[in-house]
Amino acid sequence: MHDILPDDLLYWEKIRRVTFDMAEFYDFGFVQTPILENQAVFEKSLGVTSDVVEKEMFTLKTKGGDELALRPENTAPIMRAYLEHGWESLPQPVKAFYMGPMFRHESPQAGRFRQFHQLGFEVIGSEDAVIDAQMIQIVMSLLADFGLKNMVCEVNSLGDKVCRVKYKQALKDFLRNNLKKMCSNCQRRSKVNPLRILDCKEEGCKEIIAKAPQILDFICDDCRNHFKKLLEFLDELGIPYNLNPNLVRGLDYYNRTVFEIYIEEKRGSQSALASGGRYDGLAEMLGGKTTPAIGFAAGMERIIIEMKEAKARIPSWPQYKLFLVQLGDLAKKKSLKILEEFRKEGVLMAESLSKHSIKSQMKNADKLGVKLTLILGQKEALDNEIIIRDMTSGVQETVPLAKLMAEVKRRLKS
């Protein structure tokens, strides 16, 4: 796990602002789910044989016997909230977005920690392929607005739970003669979820997988038409994409459309910046009725790494134009009131209240490059006056405290 320090704060703030602006334009509402959920929410939705549930989830048992988990992802909690709060009675589809920490006990790597942060968008209640295309458009636009370039989308269709049966059988038949040459992970997965084998990163396994039957040859007409429409929408939008028949994603709730977004020149060398897909059966897994849905999530730490490498433009820290210098207890007391008055007026002012020497305070004012310094000594505090010093010319003038705000605003404006 890691600290987020001031040097990186502007990157986080840019991501937050761009994401909230995008969500506002496309009419997504912000949802904040608890960091702790019932463990069953993830076991039912992600699959007990998924790597997340088997190896990566942080779980705990309360004194009352509740089995809880730190959320490893946020799609299942969003769907749990959809069912729990009766959102199915709202006009459909429901659009939600989120931003926050997730937790997975996995080997740390570049941009991925055991506490990491994701932003995500979800649309619940529509099966139209145009929504799939719009979600890919949104995530590609977000990454571009963060300052990243040369993104490409890898896309595939997993079909639905009916047409996948034939493919699973064909895959099992193929693996029967090759499984002994594959890694222990693949051998284990072949018994519980053979589709996950397609996602193996071992070089020896990848060579064998390349010769395996492809799922697109087995999906039904409805799923094929849905996928065809999606690709037509992507063509119309001019979004670059590659068909990847081995893209399956690691969670059980996915069906039909799945996608991952990479920087073109780094494709295959690291994890995706964003990924998602359709999960039309998730609501049913959590006890609701079948509800079509699609979403994506993006890893914020990894995005920040790429933003730095791309030298993305980020907002700068606020530039102080005023500095308040004080000397003595009475001046310190009056300084607190002055600072609050300027805050309420929206005028940014720096200070060093803990320093007692005028020399050290003026040195701080010089470092900040302020235009005006306000000097409140013991005499000025007693007389309800203050000195305004122009830091460029060195000229200073004493004015009544009652007229300070108006005089400062006049000088800053001019």
| Out of H105, L175, F227, whose Cα points farthest toward the positive end of the dipole of the chain (charges: +1 Lys, Arg; -1 Asp, Glu; placed on Cβ)? | H105
| remark: Row for the stretch 322-413, column shape: gyration tensor on C-alpha, a ≥ b ≥ c, rounded if a/c < 1.5 i.e. under 1.5, prolate if a/b over b/c, else oblate; value rounded
| Which are the unpartnered cysteines of the chain, meaning those with no other cysteine Cβ under 4.7 Å from their Cβ? | C153, C183, C186, C223
| What is the magnitude of the charge dipole of the chain about its Cα centre, with +1 placed on the Cβ of each Lys and Arg, -1 on the Cβ of each Asp and Glu, and no other charges, expressed in debye to the nearest 20? | 1060
| task | Taking P(r) over Cα pairs in 20 Å bins from 0, in percent as the quantity of interest, determine which of (1) 27, 59, 14, 0; (2) 22, 42, 22, 13, 1; (3) 25, 52, 18, 5, 1 was computed from the displayed structure. | result | (2)
| field | Listed residues F233, F342, F146, most fluctuating in the chain (Gaussian network, C-alpha, under 10 Å) | value | F342
| remark: If every Lys and Arg gets +1 and every Asp and Glu gets -1 at its Cβ, then about the Cα centre the stretch 322-413 yields a dipole, in debye to the nearest 20, of 220
| field | Positive-end extreme of charge dipole, the stretch 1-90 - chosen from L10, A40, G65 (charges on Cβ) | value | G65
| note | Non-local residues with an amide H under 5 Å from the amide H of T257, with H modelled 1.01 Å from N and Pro and chain starts lacking one, are L158, R278
| query | Which residue, chosen from A365, V399, L376, occupies the Cα position most advanced towards the positive end of the dipole of the stretch 338-400, where the dipole is computed from +1 (Lys, Arg) and -1 (Asp, Glu) charges on Cβ about the Cα centre? | reply | A365
| said: As a footprinting exposure proxy, order W87, W12, W317 by other Cβ within 10 Å, with the fewest listed first. | reply: W317, W12, W87
| field | Rounded FRET efficiency, nearest 0.05, which uses the C-beta distance separating L237 from K409 and R0 of 51 Å | value | 0.60
| task | Could you please rank I388, I294, I358, I303, placing first whichever residue has the fewest other Cβ atoms within 10 Å of its Cβ? | result | I358, I388, I303, I294
| How would you classify the stretch 1-141 from its alpha-carbon gyration tensor, with a ≥ b ≥ c the square roots of the eigenvalues: rounded for a/c under 1.5, else prolate if a/b is greater than b/c, otherwise oblate? | oblate
| remark: To the nearest 20 debye, the stretch 223-322 has a Cα-centred charge dipole, built from +1 on Lys and Arg Cβ and -1 on Asp and Glu Cβ, of 200
| What is the Cα centroid distance between the stretch 162-197 and the stretch 132-156, reported in whole angstrom? | 31
| note | Beyond 25 Å (Cα-Cα) in this structure, taken from K371/K403; K172/K229; K181/K201; K172/K201, we find K172/K229
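Rule-based calculations on the coordinates, nothing more; no lab input. Worth saying up front: this structure is predicted, and the values here are computed from it rather than measured. Note that each Cβ is placed from the backbone with ideal geometry, even for glycine, and that neighbours are counted across all protein chains shown.
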